[in-house]
Amino acid sequence: MTAFTTKELEDALTAKLMVNFGKTAEEAGDAEMLRACALVLRDAMALRSVETRKETRREKKKKVHYLSLEFLMGRSLQKNAYNLGVLPQMKEALEHLGFQAGDIFELEPDAGLGNGGLGRLAACYLDSLSTLEIPAAGYSICYDLGIFKQKIVEGQQVELPDSWKGIGSAWLLPKPEEAQQIRFGGTLREFWDDGHLHIVQEGGTTVLAIPCDMEIAGYNTRHTNTLRLWDAKSPKPVDMSLYSKGEYFKATEDEAMAEVIAKVLYPEDNHIEGKSLRLKQQYFFVSATVQSIAEKHLAEFGTLVNFHEKNVLQINDTHPALVIPELMRILIDDAGMEWDQAWFITTHSVAYTNHTVLAEALEKWPQDLFQQILPRIWQITVEIARRWQETCENFFHDMEKVRDTAVIWDGVVRMANLCIAGGMSVNGVSALHSEILKKDVFKNACAMEPQKFTNVTNGIDHRRWLAEINPRLHSLVCDLTGGERYLMEPEALKQLDDYAADREVLIRLADIKRKNKEDFAAYAKKQQGVFLNPDAIFDVQVKRLHEYKRQLLNVLHIIALYQRLQDDPAAITQPHTFLFGAKAAPGYAVAKRIIHLINSLADQIDHDPICEDKLQVAFLENYRVSLAERLMPASEVSQQISTAGKEASGTGNMKFMMNGALTVGTLDGANVEMHDVLGDENMFLFGLRSDEAAAVRREGYVSQRLYNRDPVLHRVLDALKTGFRDGVNYEDLYQRLLFGDRGGPADEYLLLADFQAYCDAEKRMAQTYADPAKWNEMSLHNIARSGIFAADRAVRQYADNIWHVPHR
Ligand SMILES: *Cc1c(COP(=O)(O)O)cnc(C)c1O
């Protein structure tokens, strides 16, 4: 399976350096060597990719197309070398040529083409799709700028542009010959010809979509899929008449207009701002993708009649929902099919994954905007909506339910309902989330077509999130579970349970965690100048900053601890370090205030001698995949404390569990399934259940009552109002928790309702930590039972139950 020997790699790298940079290895710098490494591996993968496509065509296999506006890929060099089986050779070759392999890996920028969990999920699934030998491709936009880089300046988030392509583009293979034309705006002209009504879009603007392919090698296989990223270009050459008149800017206007589409990733996680550029991005990438799939299918089979038998389009949330009317457009306008046949093919090709129940994240587009930007797609969507509504009326005979399930209502296009109407499958991403979809969010649609609704619990790439990032733990796992078998069969991790009473194994496990903590402390010192005490509990909450994820609840508990310490300096015996990492959407003011608060509190505690060697808070700047990779192996406590019913699944929770951290969490998202396999005794569960949280809200929740009743909570909230030594107070957050603001409810996410239970859970956690034997045993059980959260398991379920494609 090895693609290269060390010698072959050395020669290939030397040749690449010469051809690309005109330099020898001695002359080349780290950045040039990194590019050379990427190019050498890209060549090897491109070859395998061609073979994979050939075989797929020869055997007329069905293909999976995974459409997502986000792929949070992170770094690729180590991953690709690992999957190609040449990581040791690569390291050796680099050293022979006079380079430090670690420096080269560290130089690679993250490909941050996503916000958080949803984008990272897509990236993990790509790895499994290749490893499980499923013919597949991912599709997205080749954003110039990925998720912003976060800097903390005077305690506050500052956003900097992330131009990853300088080095990152070495992974991309542009294929301008396969460009597609995307049409926006203009008017429609209808005419009859040959007994058919023809509709053509005239005027408006055309944008060229150029594919830039990134190869995705599988592990332990030659199977290689591609991630196709569409770049936007103007099809018009620069207007030379304007140019020669000296109107330089005007001459390049079209180009700038077109290219803005692929300029930047929208930095909102679980939130939709109905901006016209966002709708253009969605249609741009969907249209390019569907056109390219249809073109290839037509070339292979000579007809689109069997399209659904050879293709399945999985859409990651509603962001690519326009595939439904776009596929209809191609089947009707380009292939000349009747509506019913086109609809049959479409509704047997598209499958939809829902990722959120938050109202502010459910996509809705104003009719005017939709119609103006996408006139033909609007027409088709209107007809889909009309027919769907008729079906609903005949089924329900109830106007309330018809309104609820409608695709277009009150001048608004509702993308989730479009996906339900036009999809063959609708899945949630954890058992609890899928139940909430069926019983609450989509209950009426589910009454009509219950067979469409299903669950696939999310998973993570365990080769990346364990083997690659935590080599010490990987060795232990190999020693105890029969070598590297678990890499292909994650359920083999279960064998670790047999060592729960083995003192030596538990000591080895503790030693691994200790060394990983020391490594992370050294990294934090170097990167951020922060000193982390490796003797302290590493208690970690890293994820996007969002009120429903309740970073603020974590802060309230830390303030309570701090106040206790002020009353009694002996209150804490075990040093405790709280680590946070989170980006806030640039327009999300409350989230940014919470980041500021974490930093004010960190500063306060840092300057209070009472806290020395007892209590510490640190905010880790610029949380991203490569930081998560360093942090997970070093984490001991995983904070998964969202308001029950709000987190669809979570995948951070799985990464922590797999690396032996213990969870303090609510019964939300996939935490429920973690609890199913771990039991009460192997995690620290607390707080309202999802149905209880709903009941509390229904019965008229008044957070002020808790404030008046609980003196600890009272004092904590007052500290927000008073503020910290940096002179900043957080009366706004105090107001939000007790009175609400701008007409919103007070404490929407029930922090105060869960406060006491949370403090109790943290106390139980700290008490357990004081008993290392017990702690290490629990940690071992967590690793042992994390196998079901492997992405391989999730992708097999999609393949068996939704896509109906074979796999390894
Ligand atoms: C896994 C991951 C997430 C998702 O974390 P959750 O806790 O599930 O929200 C977000 N960002 C990055 C960089 C990740 O690696």
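Sort largest first and round to whole Å: the equivalent ellipsoid semi-axes of the chain, each the square root of five times a Cα gyration tensor eigenvalue.
Values: eigenvalues 363, 232, 141 Å².
Equivalent ellipsoid of the chain: 43, 34, 27 Å, largest first.
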>> Give the separation of the Cα centroids, region 508-566 to region 410-468, in Å.
In response: 34
> Once the dipole of the chain is set up with Lys and Arg at +1 and Asp and Glu at -1 on Cβ about the Cα centre, which of Ala31, Phe580, Leu313 lies farthest towards its positive end?
Replying inline: Leu313
> Where does each of Lys296, Lys60, Lys310, Lys614 land when they are ranked from fewest to most other beta-carbon atoms within 10 angstrom?
Replying inline: Lys60, Lys296, Lys310, Lys614
> What ranking do 646-653, 114-121 get when scored by the average of other Cβ atoms within 10 Å per residue, highest first?
Replying inline: 646-653, 114-121
> Cα extents of region 700-769 along the three principal axes, largest first, in whole Å?
Replying inline: 42, 37, 19
>> Placing +1 on the Cβ of each Lys and Arg and -1 on the Cβ of each Asp and Glu in region 41-95, which of Leu69, Asn83, Leu41 has its Cα farthest towards the positive end of the resulting dipole?
In response: Leu69
> If you take the square roots of the eigenvalues of the alpha-carbon gyration tensor of region 179-264 and sort them as a ≥ b ≥ c, do you get rounded (a/c under 1.5), prolate (a/b over b/c) or oblate?
Replying inline: oblate
>> Limiting things to C-alpha atoms, what are the Rg and the maximum Cα-Cα separation (Dmax) for region 113-271, in angstroms?
In response: 20.4, 70
> What FRET efficiency would be calculated for the residue pair Glu338, Asp732, taking the C-beta separation as r and a Förster radius of 51 Å, to the nearest 0.05?
Replying inline: 0.30
>> Rounded, prolate or oblate for region 1-119? Axes are the square roots of the Cα gyration tensor eigenvalues, ordered a ≥ b ≥ c, and the cut-off for rounded is a/c under 1.5.
In response: oblate
>> Taking the Cα centre as origin and putting +1 on Lys and Arg beta-carbons and -1 on Asp and Glu beta-carbons, what dipole magnitude results for the chain, to the nearest 20 debye?
In response: 460
>> In the chain, once you exclude exposed chymotrypsin sites (Phe, Trp or Tyr not before Pro) (DSSP loop, at most 14 other Cβ within 10 angstrom), what's the longest stretch remaining?
In response: 1-530
> Considering only DSSP states other than H, G, I, E and B, which trypsin sites (Lys or Arg not before Pro) in region 189-257 qualify as loop sites with at most 15 other Cβ atoms within 10 Å?
Replying inline: Lys245
> For His675 and Leu188, FRET efficiency with R0 = 60 Å and r from the beta-carbon atoms, rounded to 0.05?
Replying inline: 0.65
>> As I understand it, the dipole of the chain uses +1 on the Cβ of Lys and Arg and -1 on the Cβ of Asp and Glu, about the Cα centre. Which of Tyr734, Ser434, Pro161 lies farthest toward its positive end?
In response: Ser434
> How big is the gap, in Å, between the Cα center of region 568-596 and the Cα center of region 76-141?
Replying inline: 31
>> Treating only the Cβ of Lys, Arg, Asp and Glu as charged (+1, +1, -1, -1), what charge dipole size does region 213-264 show about its Cα centre? Round to the nearest 20 debye.
In response: 140
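Laboratory data are not the source of any read-out in this text; all were calculated from the coordinates shown. Quick caveat: nothing in here was measured; it's all calculated off a predicted structure. Backbone-built Cβ (ideal geometry, glycine too); neighbour counts: all protein chains shown.
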